[in-house]
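The values are calculated or read from the model by the stated rules, or taken from the named source; none is laboratory data. Just so you know, these numbers come straight off a predicted model, no measurement behind them. So basically every Cβ, Gly included, is an ideal-geometry build from the backbone, and we count neighbours across all protein chains shown.
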Amino acid sequence: MTRRKLIAALKKAAEGCGYMFHTGLEHHLNNEVNHFPALWLLPPKVVATQGREAGTKRYEATLYLLETCSKGSEQEKEFCWTRMEETSSAICRALCESEAVRYAEIESEIPDAYSLTNHGEVSLKVKLKVELPFCRSESMHS
């Protein structure tokens, strides 16, 4: 249940920032993303669980922000990466405001000029730490 809540909160945040939302394994990215800007979420990884019947789950969520950007100069790429960093911060703020999320923070943002698809975009790889509350009885009925 918490995984679905996390994915739903990320989708809402991405779409609120004007990004097309996608999720899946990294090797599918090239075949799935055709419209930009786009966000690609890798399957979230559980890094900690506290509590048995109720408690919190901490996830590491890795996502790629993808935008078309004229690759004519380093200055243009820097402008695109700065814009994507601002979007990453907005997504994190939206997660923090979500009822499903207890805590979210950006762990890292790594810019890349090499295209992940055949469309020639630039990307920003973002790692988030996100904590969500859970209740076992709730997840058994979903």
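Quick one: in the stretch 8-27, which of the residues that are within 14 Å of Thr117 (Cβ to Cβ) and loosely packed, with under 13 Cβ neighbours inside 10 Å is nearest to the chain's Cα centre (by Cα)? So that I can check it myself, show each step before the final result.
We begin by selecting, within the stretch 8-27, every residue within 14 Å of Thr117 (Cβ to Cβ); these are 20, 22, 24, 26-27.
In the following step, the residues that additionally are loosely packed, with under 13 Cβ neighbours inside 10 Å were identified as 26-27.
Numbers: Glu26: 13, His27: 16 Å.
Filtering the stretch 8-27 for residues that are within 14 Å of Thr117 (Cβ to Cβ) and loosely packed, with under 13 Cβ neighbours inside 10 Å, the one nearest to the chain's Cα centre (by Cα) comes out as Glu26.
Looking only at the stretch 104-114, count how many residues are among the hydrophobic types (A, V, I, L, M, F, W, C), touching a helix residue (DSSP H, G or I) at 6+ places or on another chain (Cβ under 9 Å) and either assigned to a helix (DSSP H, G or I) or surrounded by fewer than 21 Cβ atoms within 10 Å (Cβ to Cβ) (or both).
Keep residues of the stretch 104-114 that are among the hydrophobic types (A, V, I, L, M, F, W, C), which gives 104, 106, 110, 113.
Applying the additional criterion that residues be touching a helix residue (DSSP H, G or I) at 6+ places or on another chain (Cβ under 9 Å) yields 104, 106, 113.
With either assigned to a helix (DSSP H, G or I) or surrounded by fewer than 21 Cβ atoms within 10 Å (Cβ to Cβ) (or both) added as a condition, the list becomes 106, 113.
Of the residues in the stretch 104-114, 2 are among the hydrophobic types (A, V, I, L, M, F, W, C), touching a helix residue (DSSP H, G or I) at 6+ places or on another chain (Cβ under 9 Å) and either assigned to a helix (DSSP H, G or I) or surrounded by fewer than 21 Cβ atoms within 10 Å (Cβ to Cβ) (or both).
Have a look at Lys57, Lys5 and point out the one that is part of a strand (DSSP E or B) and either within 13 Å of the chain's Cα centre (by Cα) or in contact (Cβ under 8 Å) with a residue 24 or more places away in the chain (or both).
Working: Lys5 fails: part of a strand (DSSP E or B).
That would be Lys57, the only listed residue that is part of a strand (DSSP E or B) and either within 13 Å of the chain's Cα centre (by Cα) or in contact (Cβ under 8 Å) with a residue 24 or more places away in the chain (or both).
Regarding His22, is this residue out of contact with any strand residue (DSSP E or B) (no Cβ under 6 Å at 6 or more places or on another chain), outside any loop (DSSP other than H, G, I, E, B), of a type outside the set (Gly, Ala, Ser) and within 23 Å of Ser108 (Cβ to Cβ)?
Numbers: out of contact with any strand residue (DSSP E or B) (no Cβ under 6 Å at 6 or more places or on another chain): no; outside any loop (DSSP other than H, G, I, E, B): yes; of a type outside the set (Gly, Ala, Ser): yes; within 23 Å of Ser108 (Cβ to Cβ): yes.
No.
Please indicate, with yes or no, whether at least one residue in the stretch 45-53 is crowded, with 16+ Cβ neighbours inside 10 Å and modelled with pLDDT of 90 or more.
Let us first name the residues in the stretch 45-53 that are crowded, with 16+ Cβ neighbours inside 10 Å, namely none.
No, the stretch 45-53 contains no residue that is crowded, with 16+ Cβ neighbours inside 10 Å and modelled with pLDDT of 90 or more.
Being over 15 Å from Lys125 (Cα atoms), of a type in the set (Val, Ile, Thr) and in a loop (DSSP other than H, G, I, E, B) narrows it down to one residue among Val101, Val47; which is it? It would help to see each step written out before you state the result.
Working: Val47 fails: in a loop (DSSP other than H, G, I, E, B).
After ruling out the rest, the residue left standing is Val101.
Say we look at the stretch 60-90 and pick out the residues that are of a type in the set (Ser, Thr, Tyr) and in a loop (DSSP other than H, G, I, E, B); which of these is farthest from Ala8 (Cα to Cα)?
Step one: filter the stretch 60-90 for residues of a type in the set (Ser, Thr, Tyr), giving 62, 64, 68, 70, 73, 82, 87-89.
Next, only the ones that are in a loop (DSSP other than H, G, I, E, B) stay: 68, 70, 73.
Details: Thr68: 25, Ser70: 31, Ser73: 36 Å.
Here the answer is Ser73.
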